[in-house]
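Okay, so here's the structure we're looking at.
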Amino acid sequence: MAIAQASRGLYSRSAAQVLARLRSAGPALRAPASSPATRAQAARLEQLAYAQLVAHPEWQPQVLPQLPADLREAADANVSAGTELAAMGGDPSERLPHWAVSAPAPAPQLMAYYHEAEAAFGVGWHYLAAINLVETAMGRIRGLSYAGAAGPMQFMPETWASFGLGDINNPRDSILAAGRYLKARGAPADMDKAIYSYNLDHHYVRAVKTYAARILTDPSAYTGYYNWQVYISTVAGPALLPEGWTN
């Protein structure tokens, strides 16, 4: 399948537009009276704004200092984590991956699985949620990674054979396997070592820890991340793979 048209119409064209988007979306995501649909839309607008600040670091001094303190803290963390992930490299794709993208399990259900794994293995639930976010956008991506990993927590077949029980594509089974693996690799005493074992890149470690810290300290962060969508880097620019997309 040829590359889909990049989602250029969703992106702001200037630092001023990114600032306006964050000032609008941030309060909508965090307001107790906001509907689930409003929060989802706000989270996705924030995701795009953060991605643009990563892609245009020259905009950051024009945007970040102008945000209210609570939004500035969130933006600083998310831009930092996004920058770490971008630094992991990888060439833009010429073709779209052989994935299906679908809605994840309900947010409360995933939360229950994270807490179950924490109770069983001592691994903070927020780390498991952050890994789930980075690996498959909370389970939206169904299919093999470029390296051959599978499932919502992205296990290689040989690793799943050692640590997995049940179905690699089942969210609960995969999350519990991640807790089991991280414990075997040093968690919770040495989370840096455990996360590095999950993906041998220090940029990955810093990104996961940053997202995990946001999830633990900001009640709105989990809701925001749960609603983030799947984007990939292509030679034509960033492309959105919406829920329901398949190749």
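The values are calculated or read from the model by the stated rules, or taken from the named source; none is laboratory data. Computed from a predicted structure; not experimentally measured. Cβ placement follows ideal geometry from the backbone for every residue including glycine, while neighbour counts extend to all protein chains displayed. Each accessible area value is taken on the protein alone, full model and side chains, heavy atoms only, with ligands, DNA and RNA left out. Shrake-Rupley method; radii C 1.70, N 1.55, O 1.52, S 1.80 Å.
Out of the stretch 74-101, which residues are on the phi < 0 side of the Ramachandran plot and free of Cβ contacts under 8 Å to residues at least 60 places away in the same chain?
Selection gives A75, D76, V79, T83, A86, D91.
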Selection count, the stretch 174-197, where residues are open to solvent by less than 30 Å² (accessible area, probe 1.4 Å) and not hydroxyl-bearing (S, T, Y) = 11
What pairs can you find where one residue is in the stretch 234-247 and outside any strand (DSSP E or B), the other is surrounded by 13 or more Cβ atoms within 10 Å (Cβ to Cβ) and of a type in the set (K, R), and their Cβ atoms are less than 7 Å apart, with a gap of 6+ or different chains?
-> E243/R140
Among Y225, Y231, which is the only one that is closer than 15 Å to Y127 by Cβ and among the aromatic types (F, W, Y)?
-> Y225
For the stretch 113-135, name all the residues that are without any contact (Cβ under 8 Å) to a residue 40 or more places away in the chain and not aromatic (F, W, Y).
-> H115, A119, E135
Yes/no for L110 being at pLDDT below 95, open to solvent by less than 30 Å² (accessible area, probe 1.4 Å) and of a type in the set (A, V, I, L, M, F, W, C) = no
Among the listed residues R140, R206, which satisfies the condition of being under 18 Å from the mean Cα position of the chain (by Cα), open to solvent by less than 20 Å² (accessible area, probe 1.4 Å) and not hydroxyl-bearing (S, T, Y)?
-> R140
Selection from the stretch 161-218 of residues that are closer than 30 Å to P32 by Cβ and assigned to a loop (DSSP other than H, G, I, E, B) | D218
The residue that is farthest from A194 (Cα to Cα), considering only those in the stretch 82-106 that are surrounded by 15 or more Cβ atoms within 10 Å (Cβ to Cβ) and in contact with a helix residue (DSSP H, G or I) (Cβ under 6 Å, 6 or more places away or on another chain), is A105
Does V79 fit the bill of being touching a helix residue (DSSP H, G or I) at 6+ places or on another chain (Cβ under 6 Å) and either of a type in the set (F, W, Y) or closer than 23 Å to I195 by Cβ (or both)?
-> yes
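With a cut-off of at least 1 residues that are of a type in the set (K, R), name the helices (runs of 4 or more DSSP H) lying wholly within the stretch 15-125.
15-30, 36-55, 69-86
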